[in-house]
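Here, each number is a calculation from the coordinates, and none is a lab measurement. Keep in mind that this is a model prediction, so the values were computed, not measured. Because the Cβ atoms are built from the backbone with ideal geometry, glycine has one as well, and the counts that use them run over all protein chains shown.
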Amino acid sequence: MNSPPHSRSLRIAGVVLGLGLGGFFDGIVFHQILGWHHMVCTTFTCQPDSIAALRVQIVQDGWFHLVVWLLTITGVVLLFRSARQHALTGLGRALLGAVLAGWGVFNLVEGLIDHHLLNLHHVRPGHPHELLFDLLFLAFGLLLIGLGRAFSSSVSPSVRKKARL
């Protein structure tokens, strides 16, 4: 089933925005506030063993934040373009759903690639339940995607018909 351009553009904007916001949440909460990991871990616990190692981790985290900032800005620009080109009243739930789904996709991609395939870092490196934290991170991503789908599908029938969602 093909979606009309206006619903696709809103969905794409929401997912890109969700990718960026999910990345910001990861970087701010896990990297900076909790200090559990950095973009690339150089030790078993991901805690730097020197000032030089800390500087490297800070620069890597900075590049990560630059990328998620660009994703967020891109999502906002796409959202404004979509809103300007189409009558999008009543589609707030659909947008929220797309943002949540985008955040969930970020968690799944980042978790599968960085935590499992490349082994760059883990949610709680060196913790006795390291794998459990990584699996919970993936499960949270799936939950966000499910919530996103639920919000998107809860758009009222009249709005859904108008937007052909």
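Residues in the range 33-87 that are touching a helix residue (DSSP H, G or I) at 6+ places or on another chain (Cβ under 9 Å), within 17 Å of residue 122 (Cβ to Cβ) and assigned to a helix (DSSP H, G or I): 57, 61, 64.
For residue 29, the conditions (1) in a helix (DSSP H, G or I); (2) farther than 13 Å from residue 124 by Cβ; (3) of a type in the set (A, V, I, L, M) all hold with the exception of (2).
Among the residues of the range 50-69, the ones that are more than 16 Å from residue 28 (Cα to Cα) and surrounded by fewer than 14 Cβ atoms within 10 Å (Cβ to Cβ) come to 4 in all.
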